[in-house]
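The values are calculated or read from the model by the stated rules, or taken from the named source; none is laboratory data. Predicted, not measured: the structure shown is a model, and the values here were computed from it. Positions of Cβ are backbone-derived with ideal geometry, glycine not excepted, and every protein chain shown enters the neighbour counts.
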4 protein chains.
Amino acid sequence: MTLMEFSMIPLDKGASFSKYVAKVLTLVDESGLEYRLNPMGTVIEGEWNDLLALLTMCFRTLQKESDRISLQAKFDYRKGVSGAIESKIRSVEASAERSLNK
Amino acid sequence: MTLMEFSMIPLDKGASFSKYVAKVLTLVDESGLEYRLNPMGTVIEGEWNDLLALLTMCFRTLQKESDRISLQAKFDYRKGVSGAIESKIRSVEASAERSLNK
Amino acid sequence: MTLMEFSMIPLDKGASFSKYVAKVLTLVDESGLEYRLNPMGTVIEGEWNDLLALLTMCFRTLQKESDRISLQAKFDYRKGVSGAIESKIRSVEASAERSLNK
Amino acid sequence: MTLMEFSMIPLDKGASFSKYVAKVLTLVDESGLEYRLNPMGTVIEGEWNDLLALLTMCFRTLQKESDRISLQAKFDYRKGVSGAIESKIRSVEASAERSLNK
């Protein structure tokens, strides 16, 4: 399985674009994939093809409204590992021997 | 105030480096700055100088143990805005008119 | 057209992975898409579907040899703009009124 | 030595911000540090403190003109290695046994 964190914003809509981010996040929420929103992006767990299909759907949706889009994506693939969206944080907390803010 | 998301890993310790991430996160946890850990990085809110001082402390600590370090950092500065670590997510949820997974 | 910058490395092969990067770059070089290698990544210009198809081919190739892969990708889409791989730099040089190191 | 790639843009100036990027690049060009501009960012080689001092100077300059700034930075530290801004590309070309577009 792969973890993907991404953020996608229009660059031609001024500095307040939460309306556009909301449309993208609605697609993520309806995808059925496991995800977590954070203040700087959204982390999703899935198979490569499913992640890229969702990314494409988000891009096509935003493309209808914006002529310039900035997108950052970061992937962490681990063979044979699933549930990493939860276990990565637990693993760091175990190593740190403390509870961390999530 | 500025939001900074970062992840810092050693590249010379194999594919299991949560022990090193834990040392870095301990520094973040003890910094007193507002932060949130997610499966792909850590988001911290603070003034520019405080964020860079913390990043430097994390780098110097990891540098003692590793000869090759990969670091990614992303910043979102907004003049006059504080509490964005919470309010960015609420703002997107309000626009999406739904609760999202955090 | 879209510009995509990406870097893809195995995390389970130690700190010297230029052999694996070379395999990925060979696929990019043979893709027929316009690209430029820099010390931190590779910038490619193309249509969204072509860029994601190439990214998938690179990922599948590396996946045969590595159990943990880290990938970062950054996209800049501009409607109706082509040749940005050259023109973006020229545009900044014109604004700066100086020649910059490329 | 460390390689840093960064890109810094104002989010409140519309989709054409090469004027602002030019100001930042002028600071980089005058810093005396080795750098290369690419279509998606700027790669600079230097010591950690020099890189962060330059990044801070760029941020402070842009902050005078913009109320919302997006910054991405990526670092690759290798103990005892200098000249990586040139040697990383040569190393990949040697492994790929071909000349690549730079």
Meets criteria (facing chain A (nearest Cβ under 10 Å), in contact with a Lys or Arg (Cβ under 9 Å, 6 or more places away or on another chain) and modelled with pLDDT of 95 or more) for B:Thr61: no
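Within the stretch A:86-100, take every residue that is facing another protein chain (nearest Cβ under 7 Å) and farther than 16 Å from B:Ser16 by Cα and give me the one that is surrounded by the fewest Cβ atoms within 10 Å (Cβ to Cβ).
Let us first name the residues in the stretch A:86-100 that are facing another protein chain (nearest Cβ under 7 Å), namely A:88-89, A:91-92, A:95-96, A:98, A:100.
Checking which are farther than 16 Å from B:Ser16 by Cα leaves us with A:98, A:100.
Details: A:Arg98: 13, A:Leu100: 18.
Filtering first and then ranking leaves A:Arg98.
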Any hit, the stretch C:26-45, residues being touching a Ser or Thr at 6+ places or on another chain (Cβ under 6 Å), without any contact (Cβ under 8 Å) to a residue 12 or more places away in the chain and not in a loop (DSSP other than H, G, I, E, B): no
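Can you tell me which residues in the stretch C:43-62 are under 12 Å from C:Lys23 (Cα atoms) and touching a strand residue (DSSP E or B) at 6+ places or on another chain (Cβ under 8 Å)? Can you show your working first?
Within the stretch C:43-62, the first condition is being under 12 Å from C:Lys23 (Cα atoms), and the residues that meet it are C:57-62.
C:Cys58, C:Phe59, C:Leu62 - these are the residues of the stretch C:43-62 that are under 12 Å from C:Lys23 (Cα atoms) and touching a strand residue (DSSP E or B) at 6+ places or on another chain (Cβ under 8 Å).
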Condition met for D:Leu33 (surrounded by 19 or more Cβ atoms within 10 Å (Cβ to Cβ) and either more than 10 Å from chain C (Cβ to nearest Cβ) or modelled with pLDDT of 95 or more (or both)): no
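Run down A:Ala53, A:Ala22 and say which single residue is touching a Ser or Thr at 6+ places or on another chain (Cβ under 8 Å) and small (Gly, Ala, Ser). Steps first, please.
Numbers: A:Ala53 fails: touching a Ser or Thr at 6+ places or on another chain (Cβ under 8 Å).
Of the residues listed, the single one that is touching a Ser or Thr at 6+ places or on another chain (Cβ under 8 Å) and small (Gly, Ala, Ser) is A:Ala22.
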In the stretch C:45-55, the residues that are surrounded by fewer than 22 Cβ atoms within 10 Å (Cβ to Cβ) and touching a Phe, Trp or Tyr at 6+ places or on another chain (Cβ under 7 Å): C:Trp48
Residues of the stretch A:64-83 satisfying the condition of being more than 7 Å from chain C (Cβ to nearest Cβ), modelled with pLDDT of 95 or more and surrounded by 15 or more Cβ atoms within 10 Å (Cβ to Cβ): A:Ser66
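Filtering the stretch B:1-18 down to residues that are among the hydrophobic types (A, V, I, L, M, F, W, C) and in a loop (DSSP other than H, G, I, E, B), which residue is farthest from the other protein chains (Cβ to nearest Cβ)? Lay out the reasoning, then the answer.
Pass one, the stretch B:1-18, residues among the hydrophobic types (A, V, I, L, M, F, W, C): B:1, B:3-4, B:6, B:8-9, B:11, B:15, B:17.
Then drop every residue that is not in a loop (DSSP other than H, G, I, E, B), which leaves B:1, B:11, B:15, B:17.
Details: B:Met1: 12, B:Leu11: 5, B:Ala15: 4, B:Phe17: 8 Å.
Among residues in the stretch B:1-18 that are among the hydrophobic types (A, V, I, L, M, F, W, C) and in a loop (DSSP other than H, G, I, E, B), the one farthest from the other protein chains (Cβ to nearest Cβ) is B:Met1.
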